[in-house]
1. Give the residue, chosen from Ala117, Ala137, that is of a type in the set (Gly, Ala, Ser), within 16 Å of ligand 2 (Cβ to nearest atom) and in a helix (DSSP H, G or I).
2. I'd like the residue in segment 171-215 that is near ligand 2 (Cβ under 9 Å from one of its atoms) and polar (S, T, N, Q) and, out of all such residues, is nearest to Gly90 (Cα to Cα).
3. Confirm whether Leu109 is over 20 Å from Gln180 (Cβ atoms) and touching a helix residue (DSSP H, G or I) at 6+ places or on another chain (Cβ under 7 Å).
4. Which residue out of Ala170, Ala192 is within 14 Å of the chain's Cα centre (by Cα), away from ligand 1 (no atom under 16 Å from the Cβ) and either at negative phi or modelled with pLDDT under 95 (or both)?
5. Assess whether Glu93 counts as being touching a His at 6+ places or on another chain (Cβ under 9 Å), under 20 Å from Tyr285 (Cα atoms) and within 16 Å of ligand 1 (Cβ to nearest atom).
6. Provide a single number: the residues in segment 275-314 that are among the hydrophobic types (A, V, I, L, M, F, W, C) and farther than 26 Å from Ser61 by Cα.
7. Given the conditions (1) closer than 30 Å to Ile315 by Cβ; (2) at pLDDT below 95, which single one is not true for Asp266?
Amino acid sequence: MAASAETIATDTRTLEMELVDHARYSRALKASKRVRWDIDTDVIRGREFDYSHKFLPDGLSLVDELDFLTDAQARLWSQVQGRTYAYVFGLVERYIGAKVLELSGQHWLGDQVALEALVRFSDEELKHQELFRRLEAMFETRMPAGYVRTAEPNDVARAVLSRSTWSILALTCHIELFVQSHYEQSIDADTALSPLYRDVFMYHWREECQHAILDEIEWRREHARLAASQRDQAVDDLIALVGAVDGILQAQAAADAGYFVSACGDASFTPLEQARIEAQMLKAYRWQYIVSGVQHPHFQRVLTSLTTTTQMQRIGQALAPVMAAFV
Ligand SMILES: [Fe+2]
Ligand SMILES: [Fe+2]
């Protein structure tokens, strides 16, 4: 029987490509072993957050656009967003860890270096989730009452994991690249942040650097397995996933704006200022969790290499409402 274009698409990986992947898995594994850290002895070290300092830097919280806030209110703004920043990573790491464990099955009887790299990846995400749960317990005892978490990790994971592997890896690669740019461009440079908060994301960044490499390898391997029609469907799945992320951000931004206003004292702001607070919270979350990843140069390169011009246009059109405030 003659091979169809669809079967040819699944047979495009060469021995040379496997060797290149093996070398990349190996480098990621070595780096993972080198940077490994412990929640208590390396990160928390018996410390508490210093609430006289900001948590998230201005470049992520976009506080500068709210010119009517006092210094104390601007600090609280960054602490509310910083609390949500830790919560959102704990949220997405539930599905990421599960997906990586599933992908590791493709290597059980194959490249044992790849298997070890992916097992460590999922182990690190389990540790990160524990770290972020610990942080949330610390925030709960010291920050004003009334904080709301609008999404539950297993619900989010079930929704994400129902989509195609290609789309899940695209979303994950995007997340794990923006983690790096946030740390390198904003958190690391801001010495005025709470020292514990800054350390948390320094240690998190160290392990995430390997994750983004592994996401890309697995994403490209999955791409090579798919026929053109499956890739096209995967682009629709990616658009749906980004839409779902935006839905979570809209709910959390509304909850956090309400929490922020009530923590400042409900009479502190005019109705117009309250409306600006609500809009700015959503703008900041879209910047943090969608736009900064979409604009990441490496993500752009990889996505462009794995999609057609028409598919990129489809993605661009779907993202247009979210990107509108940033172009
Ligand atoms: Fe993580
Ligand atoms: Fe990660």
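The values are calculated or read from the model by the stated rules, or taken from the named source; none is laboratory data. Remember, predicted model here, so these are calculated numbers, not experimental data. When we count neighbours, we look across all protein chains shown, and the Cβ atoms used for this are built from the backbone with ideal geometry, even at glycine.
1. Criteria check complete, one pass: Ala117.
2. The qualifying residue nearest to Gly90 (Cα to Cα) is Thr172.
3. Considered against the rule, which asks whether it is over 20 Å from Gln180 (Cβ atoms) and touching a helix residue (DSSP H, G or I) at 6+ places or on another chain (Cβ under 7 Å), Leu109 comes out as no.
4. Among Ala170, Ala192, only Ala170 is within 14 Å of the chain's Cα centre (by Cα), away from ligand 1 (no atom under 16 Å from the Cβ) and either at negative phi or modelled with pLDDT under 95 (or both).
5. yes
6. Going through segment 275-314 one residue at a time, the tally reaches 4.
7. (1)
One line per residue, one yes/no per condition, for (1) touching a helix residue (DSSP H, G or I) at 6+ places or on another chain (Cβ under 6 Å); (2) farther than 19 Å from Ala137 by Cβ; (3) touching a residue at least 24 places away in the same chain (Cβ under 8 Å):
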{"residue": "Arg34", "(1), (2), (3)": "no, yes, no"}
{"residue": "Trp37", "(1), (2), (3)": "yes, yes, yes"}
{"residue": "Arg45", "(1), (2), (3)": "no, no, no"}
{"residue": "Glu48", "(1), (2), (3)": "no, no, yes"}
